[in-house]
Amino acid sequence: MGLRQPAVQLADIIRAYRNDIPAIASNAWKARTLYALMRCRTAEMGGHIDRCDNPECNRLHISYNSCRNR
């Protein structure tokens, strides 16, 4: 049984309101954090290809890098 993707992710919500970030964020650090979270786990952050070691699976999985910002 595989992991299900959530219907909506935090980055989706931030992207929907990206034009409002300057008004929402009370300082530059918060704005930078929101912009980083918006790019999190996307091709923009780079990624890598994993291959399943199970001979029955042998599938390739693309994994995008996180923004590493908590």
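Scanning region 1-29 for residues that are outside any loop (DSSP other than H, G, I, E, B), touching a helix residue (DSSP H, G or I) at 6+ places or on another chain (Cβ under 8 Å) and not β-branched (Val, Ile, Thr) yields Leu10, Ala11, Arg15, Arg18, Pro22. Looking only at region 17-55, which residues are farther than 15 Å from Asn65 by Cα, exposed (fewer than 11 other Cβ atoms within 10 Å of the Cβ) and not basic (Lys, Arg)? Hits for region 17-55 are Asn19, Pro22, Ala23, Ser26, Asn27, Ala28, Trp29, Asp53, Asn54, Pro55.
Every read-out reported here was derived from the displayed coordinates using simple, explicitly stated rules and does not represent laboratory data. Given the structure is predicted, the values throughout are model-derived calculations rather than measurements. Cβ coordinates were reconstructed from backbone atoms using ideal geometry, including for glycine residues, and neighbour counts include every protein chain displayed.
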